[in-house]
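The values are calculated or read from the model by the stated rules, or taken from the named source; none is laboratory data. Since the model is a prediction, treat every value here as computed from it, not as a measurement. As a convention, Cβ positions derive from the backbone with ideal geometry for all residues, glycine included, and neighbour counts pool all protein chains shown. Ligands, DNA and RNA are excluded from the accessible area calculation, which covers all protein heavy atoms including side chains. Shrake-Rupley method; radii C 1.70, N 1.55, O 1.52, S 1.80 Å.
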Amino acid sequence: VLVKGMRPLACLEIKLSNTPAVSKGFISCNEDLLPKYKYIITPESETFTTKHEVKITNLYHFITVLLQEMVSSEW
């Protein structure tokens, strides 16, 4: 969980598989914390959004694009 002050900003889950499933625990965590951003990070998958509004992306794209966008919009 990435936070800004006391507010949860993003929930991240890192998976080894390039075709990950969104776990019940991750969905439950997001329902409890209500973060603005929800990501599952994989080694090499394409970027897409699931029905639970979780963005699946690869590590390189997360670090070079999505993390930069998140930081610039929040700070």
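As a test of the formula, what do you get for the chain when each DSSP H run with n ≥ 4 contributes -39,500 (n - 2.57) and the sum is divided by the residue count, at 222 nm and rounded to the nearest 500 deg cm²/dmol?
Theoretical 222 nm ellipticity from helices: -7000 deg cm²/dmol.
Based on DSSP, what percent of beta bridges with both residues in the chain are antiparallel, to the nearest 5?
35
Between Glu53 and Leu9, what is the label-point separation in nm under the 7 Å Cα-to-beta-carbon projection?
1.9
Tell me, what % of the accessible area of the chain is carbon and sulfur with a 1.4 angstrom probe?
With neighbouring chains kept in place, the figure for the chain is 59 percent.
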